[in-house]
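A short write-up of the structure that comes next.
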Amino acid sequence: MRVSLVIGALALGLAPTTVRADEPPVAAYIATGTVLATVALDSLTAEASYLTLDNANGYGHGRFALHPTLPLVYLSALGGVDVFDLSTRRKAGAVSLPTGSTVGAARLALSSDGSRLFVLYEDVLFMIDTSDMRIADSAGFFARAVDMVLSHDGVNAWVVDEIGSLYQFTVDEVLEFDFDVAVPRDAVALAISADDSRLLVALRERRAVDIFDRSTRYLGSIVLGGIPSGIAFAPSGHDAYVGVQSSEFVGVDQIDTGAMMIQDQFPLPFVVGDIAVAPDGRLFLPPAYSNSSCGVAVLDPSQGQITGTIALPNAIDVHFGAPQPVPSPTPTRTPITAPAAACAYLSHYNTNTVSVIDVATRTVLGVIPVNRALSLSPASDPTSLFVSSGFALTPLDLGASTALDPQPVLAGEVGWLQPVPGTGNAVGVVGGYGSSCNFLTEFDLGAGLQTNLLGPAPRLLGINIEPQARFGYGLDYRGNRVEVVAWPSLEPLGEISTGGYKPQAITFHPTRPRAYVVGSPQVDGEPDASWADRPGAITVIDTEAQAVVGEVGTGNTPLDPAVSPDGATLYVANANSASVTVFDTESDTVRKTIPLGSAPISVAFAPDGSVAFVSGQPIAVIDTATDTAIDSIPIHEWAQDIRILEVPGGCVAPTQGPLPTPTPTFPEFTACTGDCNGNGNVTIDELMRSVSVSIGASGGWICPSMRACPGTQCNSALRAGVRNALRGCTSMNPVPTVTLS
């Protein structure tokens, strides 16, 4: 038996693949649960992407099926199936299934003519008439069904359940049960050959594949090199591929179902989930575990190696079909007639909104609904603002205070966006907070589209480009360092240590070669969350020498630094000491500490520098001439980010819905431990955020009430959060208040 060598590292990109001119074009469709991407087979680059997350209920999709002739995709949803039209990028229909299930469908398949959709849901197989999306028939099983396959001629369907029954159905106007045969109780997957003559059942505990013919007559077994996972046949013939894992081998077995033997083995650096075989014979391999591979690996059996990877972490399902034309987004923006005015925009992650505030009158005009609003990034067009919103980038039309269609983002969830000076673009890390599967990504904010996947960025929270656009600075939260690269080549230039401080954010002086990094301390031997109860620091970096030239203390948990327009002053929001540090950039000294009445998260100066807004609950207004809090603006929820822009036409009140009631109001704010949005209730989602904050995996901004989690007392705080979730917020934890002068 020959064992082929597969490279251990997955390379972004692919060596060119020859496609015959007489072959119809084929694209790979890959679903991640929130994004459906179409990928060109010759270059392995994403040609289009569609946001399939249903914002109404917050649930995404994983399993899907492609219509063979129409631009329709059928996506698994909780309690049913959604129909998505690729030509309009819109949901085109849905069917609810009487399942009572709390998970999505295990498998979907379409008949060869697309007239019938088969959906395997827990212990029921549904047959749906796609002409009107009604349930034509269904069949129930005695136990949870594991997998389903449909013959290519559309005559038969097979289902295997977890107690060892393999069912065969004849498919016509109804699901006609033929018979069932006994198989071992450890079946995990099914596959059918292209000529429908071989049916495979992968068996977990036996580490084998049982082989049946079309009539479900047992033909024999093949012992595998490990525990099987995904399984699929080659486009023609009787060779098949099985993902396997054991203590000695992880990879893919190529089996000959005619000779009943393993023909080849391909070692891999990760455990395979499903296997999808392209028409040209290459294998598309989503990982079984999202953190084991940062995308879908593509293995060419003829070369015996991985020839590329598609940067789509959390990929679940892969299918192949004809590429569809992609309508270009052409948003219509409101004409501008009124004079410009300073307007503040604040993102609220927990309530899925962006607040609009008139800076001159300090009045909240309303909110714009934006799903999972996090980071705000201005565009070169002064009437546009872009919001990183989960797995999408959502453009705002500031002339009408409305959100336009969100643009899906590949490779994961969008983090903090930062402008690329002089380009109108923004750059950010896409993936997860501090994840090993982060990807550095550049966005064209003129079109609102992801333009360039620059490469992996493990551990980085984000990257910032200094004003002259020569250097980029990436923050390594776990490594207590700043990574310096040349921009835009990304050539590594070195690392700058931030000492004992975890870098949280960075900003730059507008005219001098200075960068300011704020961070919180990490004490060896103590939990990650121990930084929450200790003062942080400003690390001053000379961006010409790429060296630290100063370090000055701040309050507890400094989260966001901002430099005044004239460059003379740096404000730092200290979340866990409810204050703002005022730093003189000429002398590199702290000039003053401004007390506030709630935990501040971010800071923004007005364009003329006269005032600064500090996002907390409420918003604090600071007179920059005296470095004094002079006013407060009640707001309905903590804001994660804030931008103050000079907007042509002035500040426009949103028309979508009533203005949220500011709750609680300043300065009587109290927070129930674990209550992230201050509404008096603790949800399961908020408990998960509290855990993430307490272990240091996420910043305090995702649940500001956990700022009272001092070091080793985090376990007590988490227990209090669980108690408040079960019993309600009867015990409140007051936050120190101050009187504004």
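The values are calculated or read from the model by the stated rules, or taken from the named source; none is laboratory data. Just so you know, these numbers come straight off a predicted model, no measurement behind them. Don't worry about glycine lacking a Cβ; one is built from the backbone with ideal geometry, like all the others, and counts go over all protein chains shown.
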**Q.** Test set (1) of a type outside the set (Asp, Glu); (2) more than 29 Å from residue 160 (Cβ to Cβ); (3) at pLDDT below 85 - residue 100 fails condition number
**A.** (2)
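This table checks each residue for (1) farther than 13 Å from residue 554 by Cβ; (2) without any contact (Cβ under 8 Å) to a residue 60 or more places away in the chain.
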| position | (1), (2) |
| --- | --- |
| 568 | yes, yes |
| 573 | no, yes |
| 578 | no, no |
| 591 | no, yes |
| 597 | yes, no |
| 622 | yes, yes |
| 628 | yes, no |
| 631 | yes, no |
| 637 | yes, no |
**Q.** Out of 149, 155, 159, sole residue that is touching a strand residue (DSSP E or B) at 6+ places or on another chain (Cβ under 8 Å) and surrounded by fewer than 17 Cβ atoms within 10 Å (Cβ to Cβ)
**A.** 155
Q | Only one of 280, 264, 253 that is part of a loop (DSSP other than H, G, I, E, B) and in the same structural domain as residue 177 (by TED's automatic domain parsing) | A | 280
Q.
Given (1) buried (at least 19 other Cβ atoms within 10 Å of the Cβ); (2) modelled with pLDDT under 75; (3) under 23 Å from residue 504 (Cβ atoms), identify the lone condition not met by residue 450.
A. (3)
Q | So residue 493, is it surrounded by fewer than 19 Cβ atoms within 10 Å (Cβ to Cβ), at pLDDT 90 or above and assigned to a strand (DSSP E or B) | A | yes
Q.
Take residue 217 and tell me if it is surrounded by fewer than 19 Cβ atoms within 10 Å (Cβ to Cβ), under 24 Å from residue 253 (Cβ atoms), free of Cβ contacts under 8 Å to residues at least 12 places away in the same chain and assigned by TED's automatic domain parsing to the domain that holds residue 260.
A. yes
Q) Can you name every residue in the range 200-247 that is in a loop (DSSP other than H, G, I, E, B), farther than 17 Å from residue 263 by Cα and under 37 Å from the mean Cα position of the chain (by Cα)? A) 204, 205, 206, 246, 247
Q. Among the listed residues 332, 351, 309, which satisfies the condition of being β-branched (Val, Ile, Thr), modelled with pLDDT under 90 and part of a strand (DSSP E or B)?
A. 309
Q) Out of the range 283-306, which residues are farther than 16 Å from residue 63 by Cα and part of a strand (DSSP E or B)? A) 283, 297, 298, 299, 300, 305, 306
**Q.** Odd one out for residue 361 among (1) touching a Phe, Trp or Tyr at 6+ places or on another chain (Cβ under 8 Å); (2) without any contact (Cβ under 8 Å) to a residue 12 or more places away in the chain
**A.** (1)
**Q.** Members of the range 220-237 found to be surrounded by fewer than 18 Cβ atoms within 10 Å (Cβ to Cβ) and of a type outside the set (Ser, Thr, Tyr), listed by number
**A.** 220, 223, 234, 235, 237
Q: For the range 295-306, name all the residues that are surrounded by fewer than 21 Cβ atoms within 10 Å (Cβ to Cβ) and at pLDDT below 90.
A: none
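Conditions (1) at pLDDT 95 or above; (2) surrounded by 16 or more Cβ atoms within 10 Å (Cβ to Cβ); (3) touching a strand residue (DSSP E or B) at 6+ places or on another chain (Cβ under 6 Å), marked per residue:
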position: 583; (1), (2), (3): yes, yes, yes
position: 596; (1), (2), (3): no, yes, yes
position: 603; (1), (2), (3): yes, yes, yes
position: 617; (1), (2), (3): no, yes, no
position: 636; (1), (2), (3): no, yes, no
position: 640; (1), (2), (3): no, yes, yes
(Q) Here's a check for you: in the range 270-288, which residue that is modelled with pLDDT of 95 or more and of a type in the set (Val, Ile, Thr) is nearest to residue 39 (Cα to Cα)? (A) 277
Q.
Just checking, does the range 615-636 include any residue being within 20 Å of residue 520 (Cβ to Cβ) and hydrophobic (A, V, I, L, M, F, W, C)?
A. no
Q | Pick from the range 70-127, criterion of a type in the set (Ser, Thr, Tyr) and part of a strand (DSSP E or B), ranking: surrounded by the fewest Cβ atoms within 10 Å (Cβ to Cβ) | A | 96
Q: Could you please tell me which pairs satisfy a Cβ distance under 8 Å, a separation of 6+ or placement on different chains, a first residue in the range 170-184 that is in the same structural domain as residue 138 (by TED's automatic domain parsing), and a second residue that is buried (at least 16 other Cβ atoms within 10 Å of the Cβ) and among the charged types (D, E, K, R)?
A: 171/116; 173/137; 174/137; 175/137; 183/210; 184/206; 184/210
(Q) Just to be sure I understand the filter: pairs with C-beta atoms under 6 Å, separated by 6 or more residues or on different chains, first member in the range 131-148 and in the same structural domain as residue 231 (by TED's automatic domain parsing) and within 25 Å of residue 231 (Cα to Cα), second member polar (S, T, N, Q) and at pLDDT below 90. Which pairs pass? (A) none
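Per-residue answers, yes or no, for (1) surrounded by 18 or more Cβ atoms within 10 Å (Cβ to Cβ); (2) more than 13 Å from residue 223 (Cβ to Cβ):
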| site | (1), (2) |
| --- | --- |
| 247 | no, yes |
| 253 | yes, no |
| 257 | yes, yes |
| 273 | yes, yes |
| 277 | yes, yes |
| 281 | no, yes |
| 285 | yes, yes |
